[in-house]
Structures are given as structure tokens and as C-alpha cells.
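Participant: To start, I am sharing the structure in question, which I have written as C-alpha cells.
The values are calculated or read from the model by the stated rules, or taken from the named source; none is laboratory data. All figures in this text were calculated on a predicted structure; none of them were measured in a lab. Cβ atoms come from the backbone with ideal geometry, glycine included; neighbour counts cover every protein chain shown. Note: accessible area is taken over every heavy atom of the protein model, side chains too, but ligands, DNA and RNA are not part of it. Shrake-Rupley method; radii C 1.70, N 1.55, O 1.52, S 1.80 Å.
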Amino acid sequence: MRVLFLGTPDFARTFLEALAQNQTRLGLQLAGVVTQPDRKSGRGRKLSPPPVKVAALQLELPILQCARIRGDAEGMEFLRQARPDVMVVVAFGQILPREFFAWPRFGSLNVHTSLLPRYRGAAPVVHAILNGEKETGVTVMKLDEGMDTGDVLAQSTTPIGPDVTSGDLERQLLRQGVELLLGTLPPYLSGELQARPQDHGRATLAPLIRKEDARIDWTRPACRIHDQIRAFNPRPGAFTSFRGERLKIWRSRNPHASAFPVPGGRIRTTGKGSILVGCGQGSSLEVVELQLANRGRVGARDFINGMKLRSGERLGVGG
């Protein structure tokens, strides 16, 4: 069975390498790779290849880089030359036209990091944590013309711990997704595994995140702010302001009701070198790791000492 792989970032690269390492065992042959064009990055703004291209070059696979696959004649010709029986799509970054994803005789499979129909869209991991979910997972589905609306082939669940960040969860779902894909392909291609339609009435959306979504509102309950901080770690980082400068908060402690409630954003330090910040509904949040603009990340004790932090100062005022 010939497999054409579509993907772009480092997350997708791991799937490509796993397919390459297991293609003999699974009875597959990688026929080629489609990925996004090289992009300028870094301070020198030099062109850098996407991680999937780097892996494809190492694997000596045919590569197509395409900024817009829809209506692209070169893309369709590459597809015909590759002669795939099935396509695997992981974080490709473009909407595929029907004539492309439906061309292989077994269609196209997509790996999505949520338990569909929950959290359809570009940022399922962030939204799951942001909403305080206790569980999520990975879905392998067949592509159709909708946004993550295709029939489901397999799913695998995982718990979300109270202090798990998006980065933590993405790494867990990456391992889980690779195992699920490798376990799904053989029975699907042999006809032993049949897809089932999603319950569209239970669908929820996970749209792209804006940087402004990461701004902390200290009038909200501590539990919701804690979810926000871990949801936006590592990208783009939940932020507030301190002494007129932007302050990112990377980690906080699982929140609790405060015995000494203070107004939202008001700081209370303790002799143990910790920082408690007042939040809504009489709750407080312990801030564990912080970063002022153009400085490195530091723990609470170092921040207290370095900034001569005083109880009663306030976050979220100015800046």
C-alpha cells in the first residue's frame, strides 16, 4: 500500500518518521511528502525548511512544497505520479480540496488531537485546557470537506492533570497519536475496520488563538486563571503587567480558596518565598514561574528578591 504523507511542523515530522520506521512491518511504502514552503525565521530572517521537509530529505522521499494546494496543477500532477493508495494528513496547515483528498482509493486519513466531535478546529489542546477539561484524546478520522467532520476510525483517551500545560499534553498526545495511527492503518486498509459517523449535535469548536486571549483578567476565579496560564504554555504565554512592563506567567500552583482574600491582582508574598495573587470570588493563585519582557524566566523566590517585591503591589495595572 502506497502512502502519501502531508504535514509541516515538528509534530507532524514524528508521524512521518514513525511511518518510515514501520513501513515494512505494516506492509506500507511511503510514496512522497507534501509540505508547506520554506519560511523566513530567526533574527537573520533566513529561509528555513519545515521539519517535515528536513525529515523527507533524510528519508530520500519525493517532496512537493506548495503554498496553496487548492487549484494547483503541480500538486495534482505530483499526486498522480505518487500513485498513493491512501494519504495521511497531520498538521498540514491547509484546507485540502475534495479532488485532492478523495483521489486515493482508500481516501485520506487525518490525526486530530481531540475526542471528536469535541474541539474541532486549529487549537484543540489549548481549548481543552482553557475550559478545564479533565480528559481529552486523539482521533484518527477520514477527511471530508468539513472542518474535522469526517467519519471516525479510532480514538484513544488520556486524562488531563490539574497542572498539565499545553506543551505537556501535546507531547503525550503525540506519542498516543503515533501509536493510534500505526494501529489503525492495517485493519482499515484490509477492510476489517469500518468508520463511524460523528454525532454532529455534540460538536464544539476550537478556533485559532489570538495573542490577546492570553491576557489575564484578575477578576476571574483563580481556577480559570490557572487553566489559562497552563493553556498558553508554551505559546504565546499568559501575560499581565507589572510596574508598567509586560509580565508573562508560565506556571502557577493549583488554586485554592484564600484564607485572606485580597482584591484581584493584588500581590501577597509570604516568608516561604512564594507569591500569592488575589483573584475573583475571594480566591487566590500561587505564581510559580514568571518572566519580565527581555529577561529570563525565574522562580517566585528569585523574582521577589530581584524585584524587591512588596506585598500590596498589583498586577494588571498599566502596560
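Participant: Counting only residues 5 or more places away or on other chains, whose amide H sits under 5 Å from the amide H of residue 30 once H atoms are built in the peptide plane?
Facilitator: Distant-sequence amide H within range of residue 30: 3.
Participant: I'd like the distance separating the alpha-carbon centroids of segment 239-256 and segment 162-199, in whole Å.
Facilitator: Their Cα centres are 34 Å away from one another.
Participant: With Cβ to Cβ distances under 14 Å as the rule, what net charge do the other residues near residue 9 carry (K, R +1; D, E -1)?
Facilitator: +1
Participant: Given contacts defined as C-alpha pairs under 8 Å and at least six residues apart, what's the relative contact order of the chain, whole-number percent?
Facilitator: 13
Participant: Helix 73-82: angle to the longest alpha-carbon principal axis of the chain, degrees 0 to 90, nearest 10?
Facilitator: Tilt relative to the chain: about 70 degrees.
Participant: Taking only protein heavy atoms and a 1.4 Å probe, what accessible area per residue, in Å², does segment 115-193 have with all protein chains in place?
Facilitator: 39
Participant: OK, next. Would you work out which of 69, 36, 48 lies farthest towards the positive end of the dipole of segment 7-87? Charges go on Cβ: Lys and Arg +1, Asp and Glu -1.
Facilitator: Of 69, 36, 48, it is 48.
Participant: Students often forget the sequence filter, so: which lysines lie under 24 Å Cα-Cα from residue 308 once same-chain residues fewer than 8 apart are removed?
Facilitator: Answer for residue 308, where 24 Å is the Cα cut-off: 248, 272, listed by chain and number.
Participant: Assuming a viscosity of 0.692 mPa s and a temperature of 37 °C, what translational diffusion coefficient in µm² per second does Stokes-Einstein assign to segment 94-223, Rh being the Kirkwood radius over Cα pairs?
Facilitator: Estimated via Stokes-Einstein, D reaches 207 µm²/s.
Participant: Moving to a separate point now. Quick one: 3J(HN,Hα) in Hz for segment 237-248, Karplus 6.51/-1.76/1.60 with θ = phi - 60°, rounded, Gly and Pro as x.
Facilitator: x, 5, 9, 9, 10, 8, 6, x, 10, 6, 10, 8
Participant: Find, among the trypsin sites (Lys or Arg not before Pro) in segment 5-59, those assigned to loop by DSSP (not H, G, I, E, B) with at most 11 other beta-carbon atoms within 10 angstrom.
Facilitator: Those satisfying the criteria are 43, 45.
Participant: Given contacts defined as C-alpha pairs under 8 Å and at least six residues apart, what's the relative contact order of segment 117-275, whole-number percent?
Facilitator: Reported as a whole number, the value is 26 percent.
Participant: Which whole-Hz ³J(HN,Hα) couplings does segment 193-204 yield from phi under the Karplus relation 6.51 cos²θ - 1.76 cosθ + 1.60, θ = phi - 60°, glycine and proline marked x?
Facilitator: Those phi angles translate into 10, 9, 7, 10, x, 6, 8, 5, x, 9, 5, 10 Hz.
Participant: Could you give each residue of segment 41-47 its phi-based ³J(HN,Hα) in whole Hz, using Karplus coefficients 6.51, -1.76, 1.60 with θ = phi - 60°, and x for Gly or Pro?
Facilitator: The phi angles translate into 8, x, 5, x, 6, 7, 5 Hz.
Participant: Tell me, what are the semi-axes, in whole angstrom and largest first, of the equivalent ellipsoid of segment 224-290 as set by the roots of 5 times the Cα gyration tensor eigenvalues?
Facilitator: Ellipsoid half-lengths, sorted descending, are 19, 13, 11 Å.
Participant: Given H placed 1.01 Å from N in the peptide plane, which residues other than close sequence neighbours of residue 120 have an amide H under 5 Å from its amide H?
Facilitator: Excluding prolines and chain starts, which carry no amide H, the hits are 204, 205, 206.
Participant: Determine one quarter of the surface area of the Cα convex hull of segment 1-127, which equals its mean projected area, and express it in nm² to one decimal.
Facilitator: Average of the hull's projected areas for segment 1-127 equals 8.8 nm².
Participant: If you don't mind, there's one more thing I want to ask. Which value, in debye to the nearest 20, describes the size of the charge dipole of the chain about its Cα centre when Lys and Arg Cβ atoms bear +1, Asp and Glu Cβ atoms bear -1, and nothing else is charged?
Facilitator: 1440
Participant: Carbon-plus-sulfur fraction of the accessible area of segment 77-209, 1.4 Å probe, in percent?
Facilitator: So the carbon and sulfur contribution to the accessible surface is 51 percent.
Participant: Also, I was wondering about something else. How long are the semi-axes of the equivalent ellipsoid of the chain, defined as square roots of 5 times the Cα gyration tensor eigenvalues? Whole Å, largest first.
Facilitator: Each semi-axis is √(5λ); the values are 44, 21, 16 Å.
Participant: Continuing with the same structure: If you fit an axis through the alpha-carbon atoms of helix 222-231 and take the longest principal axis of the Cα set of the chain, what angle between them do you get, 0 to 90°, nearest 10?
Facilitator: 40
Participant: Next question, about the same structure. Which far-off residues, 5 or more places away or on another chain, put their amide H under 5 Å from the one on residue 154, with H placed in the peptide plane?
Facilitator: So residue 154 has HN proximity to 140.
Participant: What's the Cα-based Rg to Rh of segment 150-280, Rh via Kirkwood?
Facilitator: My calculation of the ratio gives 1.13.
Participant: Normalised by the residues of segment 1-56, what does the relative contact order come to in percent, with Cα pairs under 8 Å and at least six apart?
Facilitator: 44
Participant: For segment 155-236, which trypsin sites (Lys or Arg not before Pro) are both in a DSSP coil and crowded by at most 13 other Cβ atoms within 10 Å?
Facilitator: Counting only loop positions with at most 13 other Cβ atoms within 10 Å, the trypsin sites (Lys or Arg not before Pro) in segment 155-236 are 210.
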